[in-house]
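The next block holds one structure in the form of structure tokens; read it before the comments.
The values are calculated or read from the model by the stated rules, or taken from the named source; none is laboratory data. Since the model is a prediction, treat every value here as computed from it, not as a measurement. Heads up, the Cβs are rebuilt from the backbone with ideal geometry, glycines too, and the neighbour counts pull from every protein chain shown.
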């Protein structure tokens, strides 16, 4: 089945959660104090060039606080807007399987027991940080609750992965997806539009690759320049063209029209903390971005998967 609405002709994560859990579901971003092999010297000392000092967990909780405190603080903010709903505990910052199992297990088990309304767990990690014992543990969790593992691909093109200092290749990502799916674990993939030197065709090819894999969700981000990142230093010394709002909306709609009909769209735009964003400033207006995407889809009379598996 699809999870379209009257306003959105693509699979929205809100509708997917409402169908699965019969209520609104919120993801609460937690910081488990993990690090990353791409930042601690195992792979490099710099990390991915777009990654912030908080390991892409800028909106997650404070790692100096307990998981319970982090959870309750964010839950209170959510309930100021919505009085009812369920929760997914989301380990967002850094690489959340980059640790021995005896460190990982207590954190994940604690998260699942934080509140009677926690209905699932989401774990952001890298495909090169999925050891056999961790995969087996994740399989066990998936049998007890709703589990999704979020993997960063960003691009299927090796030149782009090298430029952003990703630290693994496309085959490593594909293997990670396959190992998770062997265990029936839901996979959500992150991609970035607007990487330097990538063409529109190449960005669409990344979606074509994902259409060949058994993934359950996607998060589409635009490239933004955030203070105190390697990308910011590069951009200030080697300015390159960034997407305009109109250009970004156009490529995202093309990708939606190409995307497999069974994949749930979890995100259509990214954001950086307002005070740390260098460019593009239009990315701060998330609702404007998503509204423009919906507007263009209505104008085209288009919907998810209308182009099939290949872009023409």
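Data table
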quantity	calculated
Yes/no for residue 52 being surrounded by fewer than 21 Cβ atoms within 10 Å (Cβ to Cβ), at pLDDT below 85, part of a loop (DSSP other than H, G, I, E, B) and within 16 Å of the chain's Cα centre (by Cα)	yes
Single condition residue 35 does not satisfy, out of (1) part of a loop (DSSP other than H, G, I, E, B); (2) buried (at least 22 other Cβ atoms within 10 Å of the Cβ)	(2)
Hits in segment 187-203 (condition: surrounded by fewer than 19 Cβ atoms within 10 Å (Cβ to Cβ) and within 18 Å of the chain's Cα centre (by Cα))	194
Criterion (without any contact (Cβ under 8 Å) to a residue 40 or more places away in the chain and in contact with a strand residue (DSSP E or B) (Cβ under 7 Å, 6 or more places away or on another chain)) met by exactly one of 32, 61, 41	61
Conditions (1) at pLDDT 95 or above; (2) surrounded by fewer than 22 Cβ atoms within 10 Å (Cβ to Cβ); (3) assigned to a loop (DSSP other than H, G, I, E, B); number of the one not met by residue 133	(3)
Residues that are surrounded by fewer than 16 Cβ atoms within 10 Å (Cβ to Cβ) and part of a helix (DSSP H, G or I), drawn from segment 251-296	274, 275, 281, 284, 286, 287, 288, 291, 295
Residue 214 vs. criteria under 17 Å from the mean Cα position of the chain (by Cα), more than 27 Å from residue 275 (Cα to Cα) and surrounded by fewer than 17 Cβ atoms within 10 Å (Cβ to Cβ)	yes
Single unsatisfied condition, residue 153 versus (1) modelled with pLDDT of 95 or more; (2) farther than 22 Å from residue 256 by Cβ; (3) crowded, with 17+ Cβ neighbours inside 10 Å	(2)
Criterion (outside any loop (DSSP other than H, G, I, E, B), in contact with a strand residue (DSSP E or B) (Cβ under 8 Å, 6 or more places away or on another chain) and closer than 17 Å to residue 35 by Cβ) met by exactly one of 89, 93, 124	124
Hits in segment 1-29 (condition: free of Cβ contacts under 8 Å to residues at least 60 places away in the same chain and over 19 Å from the mean Cα position of the chain (by Cα))	1, 5, 6, 18, 19, 22
